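Novice: Sharing a structure here in structure tokens format.
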2 protein chains.
Amino acid sequence: METSDPAIAPQPESSVAFLLVQLGFHIAGLFGERLKPLGLEQRQAGMLVRLTENDGRSQQAIAELMGVNPTRMVFLTDELEKLGLVERRRNPADRRSHALYLTEAGTAMLARVREVTRAHEAAITAGLSGAERDQLTALLQRLAGDQGLAGHSLPGMPPRHAGAD
Amino acid sequence: METSDPAIAPQPESSVAFLLVQLGFHIAGLFGERLKPLGLEQRQAGMLVRLTENDGRSQQAIAELMGVNPTRMVFLTDELEKLGLVERRRNPADRRSHALYLTEAGTAMLARVREVTRAHEAAITAGLSGAERDQLTALLQRLAGDQGLAGHSLPGMPPRHAGAD
DNA sequence: TTCGATAGTTCTATCGCGCAATGATCTATA
DNA sequence: TATAGATCATTGCGCGATAGAACTATCGAA
């Protein structure tokens, strides 16, 4: 414990926790910026991703997957439907529920989202070597595992970002 | 680039950016939880920390340091003053401005905040060896530097956290 | 003294969010 | 078949956080 004893490291800048929070918020905001040219918010993009993996599930099922309130899900779906990216269809087996499907435009948009995501990741890790990237990924995954974070639960992305200057 | 080619890593769970966002939000929320027994929010605690380093500066100066709106600063200062942790004093040289000072209670509270911060950091990094912690810190600092993040700009902490079940 | 600039405060509009109530529909049971 | 309770989606309402505009007091300069 002599290498980095937290008891003598009161500088928040050298704290893992602080750095993670700072980077997390910054990167989330940055991703929002990168998404703007596509006319999407983070949540909307996230929903598109969830949808491909779960095409045809009910709104509530998707909402649960995303960890969002059913009420919000209505609004979120409204927006994506208005954009023509998602389609509500009555489930003939249970006409209470709306099954959600990606439209063709939605699939195309998802491809663009994936491209943005790739560019985003590349920009973030541009300063690292491949080995460092792997190292970092492994460490972060360890932390995430320790904290009981499953891969699919996004707690909450900031809707907008002030610009962080 | 054969070790972790982003072009063939579409799984967001293995993305550095995604992990950082996920961890950042989770850890910020967790810190908020740890702060609750003290009766403080993250922003308030953050302001106490900023204040020790800048005792006697004007509200606006502190606001700028923290990257918050002057309007918010008024409210923030109000709260801390109501709690008896911070004191507004008129600056005799310029009676428009309010110089901010930590009270004795504020200094005591700051010590508790630091203790919580230490425990928080320890809990986050409990699963890492000292060497790994150093490695991770170095990598994160590199990223933060690459992103142009100065040590003092907290873009925005979430006021509360749903619990993330 | 008078004028423009500045620090802090207050007021107000906006936005995101969750809870509760509602209508439609399903399932179970008599 | 008919009725009761549960479930899905939707809508309405209010709360809390926030930023921008307007206001007051004070400063510095002409």
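Novice: Taking a label point 7 Å out from Cα toward Cβ, give me the nm distances from A:Glu81 to the same spot in the other copies, shortest first, one decimal.
Specialist: In nanometres, ordered from closest: 5.0.
Novice: At 0.36 nm per residue, and after removing the present C-alpha to C-alpha distance, how many nm does the segment from A:Asp94 to A:Gln60 gain when stretched out fully?
Specialist: 10.9 nm
Novice: Measure off 7 Å from each Cα along the Cα-to-Cβ vector at A:Ala131 and B:Asp78, then give the distance between these two points in nanometres to one decimal.
Specialist: 5.7 nm
Novice: What is the spin-label model distance, in nm, from A:Gln147 to B:Glu53 if the labels are put 7 Å beyond Cα along the C-beta direction?
Specialist: 2.2 nm
Novice: Taking beta carbons within 10 Å but only from partner chains, what does the mean come to for residues B:127-138? Could the numbers behind the result be given before it?
Specialist: Details: counts 6, 6, 2, 5, 2, 6, 8, 4, 6, 11, 8, 4.
Counting other chains' Cβ atoms within 10 Å and averaging over B:127-138 gives 6.
Novice: Right, here's the next one. Quickly work out the B:Arg112-to-A:Arg118 label distance, labels modelled 7 Å from Cα along the C-beta direction, and quote it in nm with one decimal.
Specialist: So the label points at A:Arg118 and B:Arg112 sit 5.2 nm apart.
Novice: Still on this structure: Sorted from largest down, give the three principal axis spans of the alpha carbons of segment A:1-144, whole angstrom values.
Specialist: Reported extents, whole Å, longest axis first: 65, 28, 23.
Novice: For segment A:33-104, what D do you get in µm² per second when you plug the Kirkwood radius from alpha-carbon pairs into Stokes-Einstein at 10 °C and 1.306 mPa s?
Specialist: For the chosen part, D equals 129 µm²/s.
Bear in mind that the values in this text are calculations on the coordinates, not laboratory data. All values reported here derive from a predicted model rather than from experimental measurement. Quick reminder, even Gly has a Cβ in these numbers, built from the backbone with ideal geometry, and neighbours come from all protein chains shown.
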